[in-house]
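**Student:** Take this structure, written in C-alpha cells, and hold onto it; I'll ask about it next.
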Amino acid sequence: MNANIYRHEFRMRLNSVIIWSIAIIAITLIFFSIFPSFADQATLLNETMSKFPPALLAAFGMTGVDLSTIIGFYSFIFLFAQVCLAIQAGNYGFGLVSIEERELTADFLISKPVSRAQILNSKLLAAFTSLTITNLVVWVSSFAGVMLFRVGREFDSKTMVLLLLSIVVFQVFFLSVGLVVSLLVKRIRSVTPYSLGLGFGMYVLSAFSGLEGVSNLELITAFKHFDPNYIIEHGAYNTPLVLLNVAISVVSLVASYWLYIHRDIPSVV
Amino acid sequence: MSIIEVSNLTKYYGKSRGIVDVSFKVDEGEIFGFIGPNGAGKSTTIRLLLSLIYPTSGSAKVFGKDAIANGPEIRRNIGYLPSEVFYYEGMKVINLLKYSASFYNCDCDQRMHELSEYMELELNRRIDDLSYGNKKKVGIVQGLLHSPKLLFLDEPTAGLDPLMQRKFFDLIRKENTRGVTVFFSSHILGEVQRLCNRVGIIREGKIVEISDIRSLQQNNYKKVHVMADNLDPAAFNLPGVTNLQSENGMVRFFFKGDINAVLQKISGVQVDDVTIEEPTLEEIFMHYYE
C-alpha cells in the first residue's frame with residue numbers, strides 16, 4: 001500500500017461519493033415516507049397487486065412482497081439501493097485503472113518508484129473506502145427511515161441487518177468484476193455505459209429469472225445472490241449463491257492483479 | 001560505469017513492430033541523444049526502460065540492475081518527462097508537483113519553487129487550463145524536482161518557445177555538470193547537436209548508428225561541392241561517395257574515407273570553386289533515412 005496514492009485516489013472520488021450518498025439518502029427517505037399511507041391500505045393494495053401480471057411484479061422485484069410490513073416494504077427500497085450501489089461500484093471498478101490510461105496519467109504514476117501491485121492495492125483500498133462510506137450512509141438512512149415512518153408497526157431489525165450486511169460483499173462484486181472487464185477489453189472510452197450496462201443488466205437478469213423457461217444465467221448475477229425477498233422470506237442468506245458470489249469476486253480480483261502487473265500501459269502513437 | 005545497458009531488446013505490440021534487437025550503453029554523466037523520426041521506437045525504448053511496457057525479448061539494466069525486476073528501486077533515481085504531458089483533471093500545478101514529490105523521500109519544496117520560478121511556471125493554475133507549452137513546463141519541473149541521477153527526456157522541447165528552450169537546455173546542462181546522466185530523445189537534430197555527447201540513431205525500430213557526435217560529424221562524412229564547366233558527375237563515382245547530385249555544372253556529394261582520393265580527382269579538373277565541409281547532423285541524418 002502506498003499512502004500517497006491512496007489519499008490521492010480517495011480525494012479524486014470524494015465528489016462522486018457525496019453525490020451517490022445524497023441520492024441514496026433521498027431514495028430511501030422518500031420511499032419510506034409513503035410507507036404510512038401504504039400500511040393503512042395494505043389489504044387493498046396486496047389484493048390489487050395480486051391481479052397484476054407476474055412479469056410486471058417481477059420487473060419491479062415485488063414478487064411475493066408484503067408491502068404492509070416494514071421489512072416487506074423495505075425490501076422494495078433495498079432493491080433500488082442495490083441498483084444504485086451496483087452502478088456506483090461498477091463505476092469505480094471500470095474506472096480504477098482505465099481512466100488513468102485513457103487520460104495518459106498512467107505514465108506519470110507508473111514511472112514513480114512504486115510497484116504495480118502497490119498501485120493496485122492502494123487504488124482498490126481507496127475505492128473500497130469510498131464504497132464503505134456509501135455503505136454506511138445506506139445503514140444510517142435505512143434505520144432513520146424506519147424510526148421516522150414506522151407508525152408503530154412491528155419491525156424485525158435482525159432481517160434488516162442481514163440485508164444491510166450483504167452490501168459490502170455486493171459492492172466488492174461489482175468493483176472487482178468491473179475492474180477485470182476493464183482490463184480485458186482494449187480501451188474504455190467512457191466508464192458510465194459499462195457500469196450502467198453491468199448494473200442494469202444484472203438487475204434485469206435477476207428480476208426475470210425463472211419467469212421465462214429454464215435458464216441458469218441468473219446464477220451469475222449478484223442481485224440473485226442477494227435477493228432481498230429470499231433473505232426476508234428465509235431470514236438467512238442463500239449460502240451456495242453467496243459463496244458463488246464471493247468466488248466470482250475472488251477470481252476477478254486475482255485475474256485483475258495478474259493482468260495489471262503484466263500489462264503494457266498504452267500510450268499515444 | 002554504464003548507467004543504462006540495453007541488450008538485444010525487442011518489443012512487438014502484437015504483430016506490429018516496436019523495436020528490434022536494440023543494444024546500447026549509456027555511461028555515467030553522459031548526455032546521450034536518441035534520434036529518429038516519429039514511430040521509430042524512441043518512446044518504446046524509454047517506456048521499456050521504465051517498465052511501463054514489457055519486452056518481447058532481450059533485457060535492460062539501469063544502474064546495473066534489471067529494469068523490470070528492480071523497477072521500483074531504480075525509478076527512485078529516475079526523472080521522466082513523457083512526450084505527451086497529461087495530468088489529472090481538476091488538479092492545480094502545485095498539488096500535482098506535491099503529489100509527485102511525495103513519492104520520493106526528499107524535501108523537495110524549495111527545489112520545486114526554484115525550478116518553477118526558473119521555468120516561469122505559475123503554481124496556482126489548474127493544469128487543465130494550461131497551454132501545451134505550459135503543461136510541458138509542469139512536466140519538466142515534475143521530472144527534476146527530486147534531483148534524479150538519470151533523466152529520460154522524451155521530445156522535451158515540443159511546445160516550448162525558443163527562449164524557454166534555451167533556458168531548458170541550460171538547466172539540463174547544469175544538471176549534467178552535477179553528474180546527472182541524460183537520455184535525450186528527439187527528432188530535432190539541431191538540439192541534439194547542441195546538447196549531446198553521443199548519439200544513437202534509430203530507424204524503423206533498429207539502431208543504425210551509435211557514435212560520438214563529433215566523430216559522426218568530423219571523421220565520417222565530408223560534404224563536397226565542386227563547381228566546374230563540363231563536369232562529368234560520373235567521374236566522382238568513387239567508393240565512399242554517396243548522395244551524388246549534379247546541377248548546372250555543380251556536383252555535390254557526401255564522402256566517407258580517405259579524402260585524398262577525392263582531391264586527386266578534383267586536381268585533374270579545371271574547377272571554378274571547391275568546398276569541403278562537415279555536414280550538419282541533419283544531413284547525416286537524412287542520409288541514414290534514405
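**Student:** Output the number of residues of the stretch B:79-95 satisfying the condition of being more than 7 Å from chain A (Cβ to nearest Cβ) and either buried (at least 22 other Cβ atoms within 10 Å of the Cβ) or in contact with a Gly (Cβ under 9 Å, 6 or more places away or on another chain) (or both).
**Tutor:** Matching residues across the stretch B:79-95 total 4.
**Student:** Scan the helices (runs of 4 or more DSSP H) fully inside the stretch B:70-176 and keep the ones with 2 or more residues being more than 26 Å from A:Ala117 (Cβ to Cβ) and among the acidic types (Asp, Glu).
**Tutor:** Qualifying helices (runs of 4 or more DSSP H): B:109-118.
**Student:** A follow-up question, please. Among what's in the stretch B:50-78 and is facing chain A (nearest Cβ under 8 Å) and farther than 23 Å from A:Glu101 by Cβ, pick the residue that is surrounded by the most Cβ atoms within 10 Å (Cβ to Cβ).
**Tutor:** B:Arg76
**Student:** Could I ask something else about it? Could you tell me whether any residue of the stretch A:167-182 is away from every other protein chain (no Cβ under 14 Å), outside any helix (DSSP H, G or I) and in contact (Cβ under 8 Å) with a residue 12 or more places away in the chain?
**Tutor:** Within the stretch A:167-182, the subset away from every other protein chain (no Cβ under 14 Å) is A:167-182.
Remaining after also requiring outside any helix (DSSP H, G or I): none.
Checked against the condition, which is being away from every other protein chain (no Cβ under 14 Å), outside any helix (DSSP H, G or I) and in contact (Cβ under 8 Å) with a residue 12 or more places away in the chain, the stretch A:167-182 yields no hits at all.
**Student:** Taking the criterion of being charged (D, E, K, R), within 13 Å of chain B (Cβ to nearest Cβ) and over 15 Å from A:Leu183 (Cα atoms), would at least one residue in the stretch A:84-107 satisfy it?
**Tutor:** The answer is yes, given that some residue of the stretch A:84-107 is charged (D, E, K, R), within 13 Å of chain B (Cβ to nearest Cβ) and over 15 Å from A:Leu183 (Cα atoms).
**Student:** Only one of A:Val83, A:Val114, A:Val97 is assigned to a helix (DSSP H, G or I), β-branched (Val, Ile, Thr) and surrounded by fewer than 23 Cβ atoms within 10 Å (Cβ to Cβ); which?
**Tutor:** Numbers: A:Val114 fails: assigned to a helix (DSSP H, G or I); A:Val97 fails: surrounded by fewer than 23 Cβ atoms within 10 Å (Cβ to Cβ).
One residue alone meets the criteria, A:Val83.
**Student:** Among the residues of the stretch A:194-206, are any under 30 Å from A:Ser267 (Cα atoms) and either surrounded by fewer than 16 Cβ atoms within 10 Å (Cβ to Cβ) or basic (Lys, Arg) (or both)?
**Tutor:** Looking for residues that are under 30 Å from A:Ser267 (Cα atoms) and either surrounded by fewer than 16 Cβ atoms within 10 Å (Cβ to Cβ) or basic (Lys, Arg) (or both), one finds at least one in the stretch A:194-206, hence yes.
**Student:** For the stretch A:141-155, name all the residues that are touching a helix residue (DSSP H, G or I) at 6+ places or on another chain (Cβ under 9 Å) and either farther than 23 Å from A:Ser166 by Cα or surrounded by 14 or more Cβ atoms within 10 Å (Cβ to Cβ) (or both).
**Tutor:** Those that are touching a helix residue (DSSP H, G or I) at 6+ places or on another chain (Cβ under 9 Å) and either farther than 23 Å from A:Ser166 by Cα or surrounded by 14 or more Cβ atoms within 10 Å (Cβ to Cβ) (or both): A:Ser141, A:Ser142, A:Phe143, A:Ala144, A:Gly145, A:Val146, A:Leu148, A:Phe149, A:Arg150, A:Val151, A:Arg153, A:Phe155.
**Student:** Do any helices (runs of 4 or more DSSP H) lying entirely in the stretch A:1-52 carry at least 3 residues that are closer than 24 Å to A:Ala89 by Cβ and within 13 Å of chain B (Cβ to nearest Cβ), and which ones are they?
**Tutor:** Helices (runs of 4 or more DSSP H) meeting the threshold: A:3-33.
**Student:** Also, quick follow-up: Is it the case, given these coordinates, that A:Asn216 is over 22 Å from A:Ala126 (Cα atoms) and free of Cβ contacts under 8 Å to residues at least 60 places away in the same chain?
**Tutor:** Values: over 22 Å from A:Ala126 (Cα atoms): yes; free of Cβ contacts under 8 Å to residues at least 60 places away in the same chain: yes.
Judged against the criteria, A:Asn216 is a match.
A quick yes/no check of all residues on (1) at pLDDT 80 or above; (2) among the hydrophobic types (A, V, I, L, M, F, W, C):
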| position | (1), (2) |
| --- | --- |
| B:Arg198 | yes, no |
| B:Ile207 | yes, yes |
| B:Ile210 | yes, yes |
| B:Leu216 | no, yes |
| B:Lys223 | yes, no |
| B:Arg252 | yes, no |
| B:Ala261 | yes, yes |
| B:Val274 | yes, yes |
| B:Phe285 | no, yes |
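**Student:** Any idea how many residues of the stretch A:53-78 are without any contact (Cβ under 8 Å) to a residue 24 or more places away in the chain and assigned to a helix (DSSP H, G or I)?
**Tutor:** Qualifying residue count, the stretch A:53-78: 2.
**Student:** Look through the stretch B:3-40, keep the residues that are polar (S, T, N, Q) and closer than 15 Å to B:Ala60 by Cα, and return whichever of them is nearest to the other protein chains (Cβ to nearest Cβ).
**Tutor:** Our first condition is that a residue be polar (S, T, N, Q); within the stretch B:3-40, this holds for B:7-8, B:10, B:16, B:23, B:38.
The next check asks that each one be closer than 15 Å to B:Ala60 by Cα; those that pass are B:7-8, B:10, B:23.
On the way: B:Ser7: 20, B:Asn8: 19, B:Thr10: 14, B:Ser23: 21 Å.
Filtering the stretch B:3-40 for residues that are polar (S, T, N, Q) and closer than 15 Å to B:Ala60 by Cα, the one nearest to the other protein chains (Cβ to nearest Cβ) comes out as B:Thr10.
**Student:** Failed condition for B:Lys98, given (1) basic (Lys, Arg); (2) in contact (Cβ under 8 Å) with a residue 40 or more places away in the chain; (3) more than 27 Å from B:Ile35 (Cβ to Cβ), with all others met?
**Tutor:** (2)
**Student:** Could you check, for the stretch A:214-225, whether at least one of its residues is within 14 Å of chain B (Cβ to nearest Cβ), surrounded by 14 or more Cβ atoms within 10 Å (Cβ to Cβ) and among the aromatic types (Phe, Trp, Tyr)?
**Tutor:** no
**Student:** I need the strands (runs of 3 or more DSSP E) fully contained in the stretch B:208-262, keeping only those with at least 3 residues that are in contact (Cβ under 8 Å) with a residue 24 or more places away in the chain and in contact with a His (Cβ under 8 Å, 6 or more places away or on another chain).
**Tutor:** Output list reads B:250-255.
The values are calculated or read from the model by the stated rules, or taken from the named source; none is laboratory data. Being a predicted model, the structure only gives us computed values, none of them experimental. Every residue, glycine as well, gets a Cβ built from its backbone with ideal geometry; the counts of neighbours run over all protein chains shown.
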